[in-house]
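First comes the structure, then the notes that go with it.
The values are calculated or read from the model by the stated rules, or taken from the named source; none is laboratory data. Small disclaimer: the values here were computed from a predicted structure and weren't measured. Glycine gets a Cβ as well: all are built from the backbone with ideal geometry, and neighbour counts include every protein chain shown. What goes into the accessible areas is simple: the full protein's heavy atoms, side chains included, and nothing from ligands, DNA or RNA. Shrake-Rupley method; radii C 1.70, N 1.55, O 1.52, S 1.80 Å.
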Amino acid sequence: MKRIVNVVLAVLLLAMSTAVFAEGQQDSDVYRVAVSLPPANNSWQARMYSSIVEEAAKDTDEFVFDVKNAVDDADQLNMLQTFRDGGYDLIMCLPGNGTLMTPICEEIYDSGTKLVIIDRPIDSDKYTALIAGDNYGCGVNAAKYFGEQLDGKGDIVVLHSYIGSPIDLQRYSGFADTLKKDYPGINILVEGDGEFNQEAGLKATSNVLPAYPQIDAVYTHDDETAIGAITAIENAGRDDIKFVIGMGGAKSAYKMLQNNHYLFTASMSYFPTMGGDAVVIAKSILRGEDYEKNTIAPTYIVTNDNVDQFLGNAY
């Protein structure tokens, strides 16, 4: 059923993106902006898309936006190659995998086209502007939370978000660096890849649990991954695991916090509404206004105690 919903969502997003572009595509006096996004296969990406489209729909006398979601990494690479040769004034990219998209993004920048990177960094400083969450800070906050909840001692599991991608390295490095410095008694038993969805979180955790009869907690890089991990833990009937945490700010995860879920206890959050903020920055760049090259959104430790403050930003 979820796959059907995702397919329907993708079709709707494609239809919306075509409409945004078609409204102004024949006006040669407007700035043309292309936006490349990864697959809209989770609620974060869906909210990111809507945030971008909402802001792109403004100022249509000045700007025309072509907003597209890729099907997979190969599709996004092809899309960016097409955008590179499309005569756009500015290209925005949220890379599904920052490492894989680095060469084409560098080509776009070197060609003279302005380039705005959203959320997930690339392995290069060849971009006009970056707006992203504080992913390293997410990892630091997560490590502090683990240290406090486990009194500095315990055996844990880490679920990455596409192992080796820039966003994954930042979230992991902030966590591992802080554990090493402040909480050396917390031991990482094993690591898996939870990607950014429940299915991957379920699969990775299901593979890990049989090999480790005692696990104190699970650190995941994404709220939906965390929900998948919890499903695996419940399916296995495990009662040794004290808590699971995620990242992002998914409504489903926040509802679990509101309901004092016995396992899901915190989310290291920043929010997909930065997509609209990125569009504002892109417009400023094209207008010749001042802008910051790097804009980093703060991260928050969201728990049952403060979740009500952040519900309006959840996705």
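Among the residues of the range 34-53, is there at least one that is open to solvent by less than 10 Å² (accessible area, probe 1.4 Å), farther than 19 Å from Asn294 by Cα, in contact with an Asp or Glu (Cβ under 7 Å, 6 or more places away or on another chain) and small (Gly, Ala, Ser)? There is at least one residue in the range 34-53 that is open to solvent by less than 10 Å² (accessible area, probe 1.4 Å), farther than 19 Å from Asn294 by Cα, in contact with an Asp or Glu (Cβ under 7 Å, 6 or more places away or on another chain) and small (Gly, Ala, Ser). Taking the criterion of being closer than 22 Å to Val140 by Cβ, assigned to a loop (DSSP other than H, G, I, E, B), open to solvent by less than 80 Å² (accessible area, probe 1.4 Å) and not polar (S, T, N, Q), the residues of the range 272-309 that qualify are Pro272, Pro298. Which of (1) of a type in the set (Val, Ile, Thr); (2) modelled with pLDDT under 95; (3) open to solvent by 20 Å² or more (accessible area, probe 1.4 Å); (4) not in a loop (DSSP other than H, G, I, E, B) is the odd one out, the single condition Ile167 does not satisfy? That leaves (3) as the condition not met.
Residues that are surrounded by fewer than 20 Cβ atoms within 10 Å (Cβ to Cβ), touching a residue at least 12 places away in the same chain (Cβ under 8 Å) and either touching a Gly at 6+ places or on another chain (Cβ under 7 Å) or not in a helix (DSSP H, G or I) (or both) within the range 100-126 comprise Ser111, Thr113, Lys114, Asp123, Ser124, Lys126, listed in sequence order. Residues in the range 170-226 that are within 25 Å of Lys251 (Cα to Cα), assigned to a helix (DSSP H, G or I) and open to solvent by 20 Å² or more (accessible area, probe 1.4 Å): Gln170, Tyr172, Gln198, Glu199, Leu202, Lys203, Ser206. When the range 136-164 is filtered for residues that are in contact (Cβ under 8 Å) with a residue 40 or more places away in the chain, in a loop (DSSP other than H, G, I, E, B) and open to solvent by 30 Å² or more (accessible area, probe 1.4 Å), the ones remaining, listed by number, are Tyr162, Gly164. Exactly one residue among Ala129, Ala74 is surrounded by fewer than 20 Cβ atoms within 10 Å (Cβ to Cβ), over 30 Å from Ala211 (Cα atoms), at pLDDT 95 or above and over 17 Å from the mean Cα position of the chain (by Cα), and that residue is Ala74.
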